[in-house]
Amino acid sequence: ECAILVDLLSRDRTISCFRGAGGVITPSSIEQFAQWWKPDGHSPETERTLFTTGFVVTTDLRFETVLALEREHDVFSLSLASPALLEDSHPARSRIESLLPRTDLLLGTAEEALALAGKAAGGDPERAVKAVVERLKPNAVFVVTDGPRDAIFARHDGRDPEKVPVAGHVPENEIVDTNGAGDAFAGGFLASWLTGDRSRESIRTSVQAGHECARLSLFCRGVSPF
């Protein structure tokens, strides 16, 4: 359950949510419900993917649960979720930082990338991406979105970050609701990236898929029907 208050003029929003099972899950829950995420007959060729967000690791117990789950999966993807979680004073920051060396795919916004990189970025999102991606697993990918501006991605392979333009600009007066656009991008990107060959061209294609899903989400209020 989630209540969202949106200012129609600025489109700023305040969200209050009931976390349900996510608020009470513990490492012991994993053993109880193991059949949900580790089905019988699992093929070694099939990757098990775990996707989580910075909001999930805001308590020690949920952080321990994420660590336990990460060990049972082949691909670990993390969304930074909010720049507020990356402030030096927030307890989630140290937990998120400790997850970086385990991360295969990191998603965030330009604001979140700058917050995580800190002074090393000098206020430049590309420098932030380059600084952060070097803290991930070898060949891991960091993708950063910036609203209607170009997305930036980098892989932990020593090469410079690349930009991917946003196709199909949406005029401001046609935007119905921006809520969920980031989640739509993550879903579109993951669906493409996980089925691709993980090459740089595949990453570009996946960013474009994420952009398209995010674009479609702007035209409807509430959960997107696509």
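The values are calculated or read from the model by the stated rules, or taken from the named source; none is laboratory data. Everything numeric here is computed off the predicted structure, so don't read it as measured data. Note: ideal-geometry Cβ built from the backbone for every residue, glycine included; neighbour counts use all protein chains shown. Quick note on the areas: whole protein, heavy atoms, side chains included, nothing else; ligands and nucleic acids left out. Shrake-Rupley method; radii C 1.70, N 1.55, O 1.52, S 1.80 Å.
Values as computed for the structure displayed
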read-out: Which numbered condition Ser89 misses (of (1) part of a helix (DSSP H, G or I); (2) open to solvent by 60 Å² or more (accessible area, probe 1.4 Å)); value: (1)
read-out: Output for region 191-200, where each listed residue is assigned to a loop (DSSP other than H, G, I, E, B) and either at pLDDT 95 or above or polar (S, T, N, Q) (or both); value: Thr195, Ser199
read-out: Region 133-146: number of residues that are out of contact with any Leu (no Cβ under 7 Å at 6 or more places or on another chain), surrounded by 12 or more Cβ atoms within 10 Å (Cβ to Cβ) and outside any strand (DSSP E or B); value: 3
read-out: Test result for Pro83, within 22 Å of Glu47 (Cβ to Cβ) and open to solvent by 30 Å² or more (accessible area, probe 1.4 Å); value: no
read-out: Some residue of region 157-178 being surrounded by 16 or more Cβ atoms within 10 Å (Cβ to Cβ), modelled with pLDDT under 95 and among the acidic types (Asp, Glu); value: yes
read-out: Among (1) free of Cβ contacts under 8 Å to residues at least 40 places away in the same chain; (2) within 23 Å of Arg48 (Cα to Cα); (3) hydrophobic (A, V, I, L, M, F, W, C); (4) open to solvent by less than 50 Å² (accessible area, probe 1.4 Å), the one test that Ala181 misses; value: (2)
read-out: Identity of the residue in region 199-214, small (Gly, Ala, Ser) and in contact (Cβ under 8 Å) with a residue 12 or more places away in the chain, that ends up nearest to Ala186 (Cα to Cα); value: Gly210
read-out: Matching residues, region 201-217, being surrounded by 15 or more Cβ atoms within 10 Å (Cβ to Cβ) and more than 20 Å from Ser79 (Cα to Cα); value: Leu216
read-out: Residue match in region 124-131 (condition: over 28 Å from Glu64 (Cβ atoms), free of Cβ contacts under 8 Å to residues at least 12 places away in the same chain, of a type in the set (Lys, Arg) and surrounded by fewer than 18 Cβ atoms within 10 Å (Cβ to Cβ)); value: yes
read-out: Region 32-55: number of residues that are among the hydrophobic types (A, V, I, L, M, F, W, C) and either assigned to a loop (DSSP other than H, G, I, E, B) or at pLDDT 90 or above (or both); value: 4
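For every residue, the table says whether it meets (1) in contact with a helix residue (DSSP H, G or I) (Cβ under 9 Å, 6 or more places away or on another chain); (2) part of a loop (DSSP other than H, G, I, E, B); (3) more than 21 Å from Leu80 (Cα to Cα).
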site: Asp150; (1), (2), (3): no, no, no
site: Thr178; (1), (2), (3): yes, yes, no
site: Asp183; (1), (2), (3): yes, no, no
site: Phe189; (1), (2), (3): yes, no, no
site: Ser202; (1), (2), (3): yes, no, yes
